[in-house]
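Peer 1: Before anything else, here's the structure in question.
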2 protein chains.
Amino acid sequence: MRFVFPLFEGFTTLDVIGPYEVFRSLPGASVTFAAAEPGPVYDGNGTAALTADTAFADVTGADVLVVPGGPGARRRLDDRPLLDWLRALHAGTAWTTSVCTGSLLLAAAGLLDGRTATTHWTAVKTLESYGATYTADRVVVHEADRLVTAAGVSAGIDMALTLAARLADPVTAQAVQLMIEYDPQPPFDAGSPAKAPQAVHDLLAARR
Amino acid sequence: MRFVFPLFEGFTTLDVIGPYEVFRSLPGASVTFAAAEPGPVYDGNGTAALTADTAFADVTGADVLVVPGGPGARRRLDDRPLLDWLRALHAGTAWTTSVCTGSLLLAAAGLLDGRTATTHWTAVKTLESYGATYTADRVVVHEADRLVTAAGVSAGIDMALTLAARLADPVTAQAVQLMIEYDPQPPFDAGSPAKAPQAVHDLLAARR
C-alpha cells in the first residue's frame, strides 16, 4: 500500500506529518515523499525541511495520495505540471486526499467540481471559486469518487484515522491511535472559527 | 525567543512537528533543529527526514528546548555527550520540555530526579527506573523547575499550546490553535490505554 505525499516549497509540515504518523504504521504501508526534485523542501515558515525521496516525474502511481496545504499550495493553483500530475495520479489511486489548503490544489485540478469539500477556514472562498461546495465538516469522504478532504492543518490526523479504518480495519486504526496516544486535551476550545472568542478573531484581524 | 529541537536518528516526527507548528507561530519565535551534525536526520520509520540546521556543539543556548521521543530516544539513554548537552542547555533555558519518550532522555540526564513526569504509556517503567514518578496526566508542568513533559506523540500539541499561553498570552495561544484548526474530532475514542478496547490491546500484544 503505497502512500505518496507531494511536497512543495511553502507546505505546512503538520499537514504532512499528522497523516504520515498514522499511515506509516499500517500493515504493508510504504511511504514516498515526492517533489519537483529530490532533496530538502522547506515549509511555509522557511525553517523546517522534509526530504523528498524522488521527483514528481518518477512517481507514476499511488494507492493513497495525500496533498498538503500551506502558503505554497495557494501559490500553485496555476501550476499546470503539478495539477496535471495530481490528475494523472488520481486516476489510479484507491484514495486521493488533502489536508488544509491542499484541497485548493485538488479543486484547481478539477477533481472537486460540483462536490462538497472542506479546507482551512480562511480558504473557503477560494475553494468555492474552483467549483467545489464548502462544508464545515472536519473530514469529508466521497466514497464513490475516492476523495477525502480534511479541514485545516491538524485535521489531517482525524482524516488519516478515518481512512485507516477503511484501508485496514477499525481495530487496527484504533491501535494506531493508541500508539500515537491521540487522546486530545487542548487547553482551550478555540480550534474553529465558531468556537474561538472574539478577542482571538480581533487579534488575527489586526495582524492582516 | 529561540526554540531548539534536538534531532537524532530514530526520532518520531510528530513529536517534533506538533510543537513546532505551535511554537513557530509565536511572535518573535526563531527555530533551530540541531543534531550530531547538520543535514537530514531520519525518523524511527526510516522514511521521513527532517533537516538539522546545525550541530549540537554549535548550540550553546535556548529559551525553549523541545526534546522528542521515538525508538532512537530509548537507544540513547547512555549517550553521555547528548545527555551532557541536554543538561548544559537546560541550565540556561526558560523552559525545558519533552514529548513522548523524550522524557526518558531528560530523566537519564538527571533532570527529573524525584519529580513527577509523563511519557509514552509503554515507557512508564523505564521512566521510573531513572528516578522520576510517572503520572498519567497528558501534560505535566513544573513551574519552579522550568520543566514540562508531555505524554505520547500527539500530546506535544497540547503541551505546546499550554506553554504558548505562558510564553505569550492565552489569546495568542488560542489564535495559534485557530490557525492550525485544532478542534480535534477523532473518529474513535481509543487514544489512551484506559480508553482503548480490549481488542486493540490484544492486537498490540500479538505484534510484540
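The values are calculated or read from the model by the stated rules, or taken from the named source; none is laboratory data. It should be emphasised that the depicted structure is a prediction, and the values quoted were computed from it without experimental measurement. In this analysis, Cβ positions are derived from the backbone assuming ideal geometry, glycine residues included, and neighbour counts consider all displayed protein chains. We work out accessible area using only protein heavy atoms, side chains counted, and drop any ligands, DNA or RNA first. Shrake-Rupley method; radii C 1.70, N 1.55, O 1.52, S 1.80 Å.
Peer 1: Can you tell me which of A:GLY69, A:GLY102, A:GLY131 moves the most in a GNM of chain A? Springs connect C-alpha atoms under 10 Å apart.
Peer 2: Its mean-square fluctuation being the largest, the pick is A:GLY131.
Peer 1: Any idea how far the Cα center of segment B:130-208 sits from the one of segment A:40-83, in Å?
Peer 2: Distance between centres, Cα-based: 29 Å.
Peer 1: May I pose another question? Based on DSSP H runs of at least 4 residues, each adding -39500 (n - 2.57), what is the mean residue ellipticity at 222 nm of chain A after dividing by all its residues, to the nearest 500 deg cm²/dmol? Let's see the in-between values first.
Peer 2: Working: 8 runs with 72 residues, N = 208.
About -10000 deg cm²/dmol.
Peer 1: Taking only the Cα atoms of segment B:1-84, how large is their convex hull per residue, in Å³?
Peer 2: 80 Å³
Peer 1: Per the Kirkwood definition applied to all pairs of different Cα atoms, how many angstroms is the hydrodynamic radius of segment B:1-40?
Peer 2: Taking every pair of different Cα atoms in segment B:1-40, averaging 1/r and inverting gives 10.8 Å.
Peer 1: Taking a point 7 Å out from Cα toward Cβ as the label site, list the nm distances between B:HIS201 and the same residue in every other copy, smallest first.
Peer 2: Between copies, matching label points for B:HIS201 lie 4.6 nm apart.
Peer 1: Here's another thing I want to ask about it. Using a 7 Å offset from Cα along the direction of the beta-carbon, what are the separations from A:GLY131 to the same position in each other copy, nm, ascending?
Peer 2: 6.6
Peer 1: Now for a separate question. Along the three principal axes, how long is chain B when you take its alpha carbons, biggest first, rounded to the nearest angstrom?
Peer 2: 47, 41, 37
Peer 1: Another question about this same structure. B:ASP183: net charge of surrounding residues, Cβ under 11 Å, Lys/Arg +1, Asp/Glu -1, itself excluded? Each step should come with its number before you reach the end.
Peer 2: Numbers: positive: A:ARG138, A:LYS195; negative: A:ASP158, A:ASP189, B:GLU181.
Local charge sum for B:ASP183: -1.
Peer 1: Just to confirm the filter: which GluC sites (Glu not before Pro) across segment A:82-189 are DSSP coil and have at most 10 other Cβ within 10 angstrom of their Cβ?
Peer 2: A:GLU143
Peer 1: Please find, in a Gaussian network model of chain B (springs between Cα atoms separated by less than 10 Å), the residue of B:GLY61, B:GLY191, B:GLY46 whose mean-square fluctuation is greatest.
Peer 2: Largest GNM mean-square fluctuation: B:GLY191.
Peer 1: Volume per residue, Å³, of the convex hull around the alpha-carbon atoms of segment A:107-208?
Peer 2: 120 Å³
Peer 1: Could you tell me the relative contact order of chain B? Use alpha-carbon pairs under 8 Å, at least six residues apart, and round to a whole percent.
Peer 2: Answer for chain B is 19 percent.
Peer 1: Tell me the per residue accessible area of segment A:165-204 using a 1.4 Å probe; a whole number in Å² is fine. Mind showing how you got there, number by number?
Peer 2: Numbers: 1610 Å² over 40 residues.
Each residue of segment A:165-204 exposes 40 Å² on average to a 1.4 Å probe.
Peer 1: What's the Kirkwood radius of segment B:152-198 in Å, using all Cα pairs?
Peer 2: Details: mean 1/r = 0.0824 Å⁻¹.
By the Kirkwood definition, the hydrodynamic radius is 12.1 Å.
Peer 1: I need to check one value: relative contact order of segment A:98-196, counting alpha carbon pairs closer than 8 Å and at least 6 residues apart, in percent. Please list the in-between numbers first.
Peer 2: Details: 138 pairs, mean separation 23.1, N = 99.
Value for segment A:98-196: 23 percent.
Peer 1: Compare B:HIS90, B:HIS120, B:HIS142 in a GNM of chain B, Cα atoms joined below 10 Å, and give the one with the largest fluctuation.
Peer 2: Looking only at B:HIS90, B:HIS120, B:HIS142, the biggest GNM fluctuation is shown by B:HIS142.
Peer 1: What gaps in nm, shortest first, separate B:HIS142 from its twins in the other copies when you place the label 7 Å past Cα toward the beta carbon?
Peer 2: Counterpart label points of B:HIS142 in the remaining copies fall at 5.3 nm.
Peer 1: Still on this model: Please report, to one decimal in angstroms, the Kirkwood hydrodynamic radius of the protein assembly as shown built from all distinct Cα-Cα pairs.
Peer 2: This gives a value of 21.2 Å.
Peer 1: Here is a further query. Along the Cα→Cβ direction, 7 angstrom out, place labels at A:THR133 and B:ALA199. What is the inter-label distance in nm?
Peer 2: 3.4 nm
Peer 1: Right, next: I'd like the carbon and sulfur percentage of the solvent accessible area for chain B, probe radius 1.4 Å, heavy atoms only, ligands and nucleic acids excluded.
Peer 2: Percent of accessible area from carbon and sulfur atoms in chain B: 50.
Peer 1: Another one. Find the percent of Cα-Cα distances in segment B:121-178 that exceed 14 Å, and round it to a whole number.
Peer 2: Value for segment B:121-178 (Cα pairs over 14 Å): 60 percent.
Peer 1: Taking the alpha-carbon distance from A:LYS125 and a cut-off under 24 Å, which lysines remain once sequence neighbours fewer than 8 residues away in the same chain are dropped?
Peer 2: A:LYS195
Peer 1: Given the Cα-Cα distance of A:ALA94 and A:ARG80 and 0.36 nm per residue of separation, how much length would full extension add, in nm?
Peer 2: 2.7 nm is the gain from fully extending A:ALA94 to A:ARG80.
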